[in-house]
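For reference, the structure discussed in these notes is given below.
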Amino acid sequence: MKNLFYALLSGIILAFAWPTYGFPLLLFFGFVPLLYLEFKLRTSKERFIKTKILGYSYLSFIIWNVITTYWLYFSTPFGAAFAILVNSLLMALVFLLYHIVAKRTDFKAASVFLICIWMVFEKLHLSWEFSWPWLNLGNGFATYHRWVQWYEYTGTFGGTLWIWMVNISVFKAVLLYVQHKEKNILYRMFLKTGLLIVVPIAISYLIFNTYKESDEKFEAVILQPNIDPYTEKYNTNDTRIGELLLQLSAEKVTPNTQLLVAPETVFADGTVLSRFDHSEAAYFSRQLIRTSPQLNFLSGISFYERFHDSTKVSGQSNYIGPNDWFNDYNSAFLINNEKAPQLYHKSKLVVGVENFPYQSFLKPLLGDVMIDLGGTVAMKTTQEDRGVFKLNNGYSTAPIICYESVYGEYVTGYVKNGANLLSIITNDAWWDHTQGHKQHLSYAKLRAIETRRSIVRSANTGVSAFINEKGDIIKSLGYTELGSIKHAVSLNSTQTFYVKHGDYLARIAQFLALFIFLFAIIKYKRNRM
């Protein structure tokens, strides 16, 4: 029963530390009960220890995943079950791998391995086709972003490293106290833990208070049409959407407004890619530019292209029938009075809805079964580079579409390509009034810190917001509100250490994890000889 209690306690602590309702201080202690449980089992003479550790840790991570991402259920029960059960299992397998190494090496090496293998797991979630980095530990400070202003040097992996270092320090002190029963051990633990927590926060506040935003600014307007994706979005044609956007823009656009942003796939009829110039989206965009020639209009749109040439078929093409395929795009476009329309196709895709993971292997086994997390179930076509939109005033913006804003190193690609600010267009209405849209908004604040770029975030049903270079939300429009907001956003041309070097902490962790694992296995085999 004690082991069960420890497993439940870890899951609950981690869950109640998470954005946007939780307090991230709890993250520094959330793994301690689970680590103590593992140690007790490892040093016991019980049978089936590996099975028990896998089971108890799976229970902890199920609790964490359910409480923090239950909102997936509102778009699809099956998708929520898959994401929660599989992600929890992956976390439990990582913890089991730590147990295997801990049995074969000393405390220090095992602790370093645990930190590194967890970071390897998080890096995997940022890169493989079953990508689900929502619960990467560094995201846990999104609401308390003033604690982690040093993310401009480390990215979110700095937060992961920080959390694990404190957890392991507390765990070590607990073991020493249980063994020796000396109060001095507790006093030293409180002092050391306090310093490990307070010093990085103090450094962060120092950075926050001394950081100076760019003086270059221009006026931007965000539109929030508040279209219900379940009952209205795909039943409202592009003509009506265009008229609504014209109405909303008239409320805020002035002769000084240089950027106007509308949300993801707001033009949802499905426009033929090659005929964009003759579409309703282009027509209404040009109407906006005609009345405000200084304006740059950025918006989301659904594109498709149908073809019969088999040589054009890619791994992301959708089959209709014999010699008949189509490519489906979740895209952004920008129109101004100087350049031809600029297009960008979303490239970090939602598993199941927009991407069939490892299709060549899984499709023969599963057929056309997909994990529907909300939206249109179809394979989306992507582009390789992080294209930026060049404005008619000499600046550039990143056209980040929805899920892409969760990926730190990925977003740095836009900045490397010249983006002076970040534009995020999204549709967060699939999950109703839950933590889903709140967490998504809070993660955007971390992208602002990592890149030191202001963010213009247009969400279909909210929350639309202006976020400054320090991650503060300056102005916002609430969930389910119809309207527009205006603000002067800063424009930055410098590159942070993180933009230049990306997830270098994860790359170091990959090397160390492999080295320690091989060392532990070789040492174990030698001891048995």
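No value in this document is a laboratory result; all are computed from the given coordinates. As the structure is a prediction and not an experimental result, all values here were calculated from the model. Cβ: placed from backbone, ideal geometry, glycine included. Neighbour counts: every protein chain shown.
Please label the shape of the range 160-262 as rounded, prolate or oblate, based on the square roots a ≥ b ≥ c of the eigenvalues of the alpha-carbon gyration tensor (a/c under 1.5 means rounded; beyond that, a/b larger than b/c means prolate, else oblate). Note, shape of the range 160-262 comes out oblate.
Each Lys and Arg adds +1 at its Cβ and each Asp and Glu adds -1 at its Cβ; summed about the Cα centre, the range 217-492 shows a dipole of about 880 debye. When F497, F48 are arranged by Cβ crowding within 10 Å, least crowded first, meaning fewest neighbours, the order is F48, F497.
Normalised by residue number, the volume inside the convex hull of the Cα atoms of the range 217-492 is 127 Å³ per residue.
From the cross-link list K312/K416; K192/K500; K390/K500; K212/K438, which pairs have alpha carbons spaced over 24 Å apart? Don't skip to the answer; put the middle values down first.
Numbers: K312/K416 30 Å; K192/K500 33 Å; K390/K500 21 Å; K212/K438 27 Å.
Over 24 Å apart, Cα to Cα: K312/K416; K192/K500; K212/K438.
The H on the amide N of K475, modeled in the peptide plane, is under 5 Å from the matching H of F466, each at least 5 residues off or on a different chain. Candidate cross-link partners of K486 among the aspartates and glutamates, defined by an alpha-carbon separation under 19 Å and a same-chain spacing of 8 or more, comprise E213, D215, E216, E219, E251, E264, E469, D472.
Of the beta bridges DSSP finds with both residues in the chain, what % are antiparallel, to the nearest 5?
Values: 35 of 57 bridges.
Bridges in the chain are about 60 percent antiparallel.
Of the trypsin sites (Lys or Arg not before Pro) found in the range 194-301, those that fall in a DSSP loop while having at most 13 other beta-carbon atoms within 10 Å are K212. Rounded to the nearest 20, the Cβ-based charge dipole of the chain about its Cα centre (Lys and Arg +1, Asp and Glu -1) stands at 2940 debye. The trypsin sites (Lys or Arg not before Pro) of the range 1-99 that meet both conditions, a loop assignment by DSSP and at most 13 other Cβ atoms within 10 Å of the site Cβ, are K45, R47.
Between amide H atoms placed 1.01 Å from N, distances below 5 Å from T271 occur with S302, F303, Y304, all of them 5 or more places distant or on a separate chain.
Relative contact order of the chain: 18 percent, from C-alpha pairs under 8 Å at least 6 residues apart in sequence. The trypsin sites (Lys or Arg not before Pro) of the range 112-195 meeting both criteria, a DSSP state outside H, G, I, E and B (loop) and at most 14 other C-beta atoms within 10 angstrom of the site's C-beta, are K181. Across the range 387-392, computed HN-Hα scalar couplings (Karplus, 6.51 cos²θ - 1.76 cosθ + 1.60, θ = phi - 60°) run x, 10, 9, 8, 7, 8 Hz from first to last residue, x flagging Gly and Pro. Residues whose amide H falls under 5 Å from that of R386, counting only those 5 or more places apart or on a different chain, are absent, with hydrogens built in the peptide plane. Rounded to the nearest Hz, the phi-derived 3J(HN,Hα) couplings of the range 484-493 under the Karplus curve 6.51 cos²θ - 1.76 cosθ + 1.60 (θ = phi - 60°) are 8, 9, 9, 6, 8, 9, 7, 10, 10, 10, where x marks glycine and proline.
Sequence-ordered 3J(HN,Hα) estimates for the range 317-325 from the Karplus curve with 6.51, -1.76 and 1.60 and θ = phi - 60° stand at 7, 9, 8, 9, x, x, 6, 8, 9 Hz, glycine and proline given as x.
Taking each DSSP H run with n ≥ 4 as -39500 (n - 2.57) and averaging over every residue of the chain yields -15000 deg cm²/dmol at 222 nm.
Taking only the Cα atoms of the chain, the ratio Rg/Rh comes out at 1.00, with Rh defined as the Kirkwood radius.
Each residue in F517, F61 was given a count of other beta-carbon atoms within 10 angstrom of its own, and listing them fewest first yields F517, F61.
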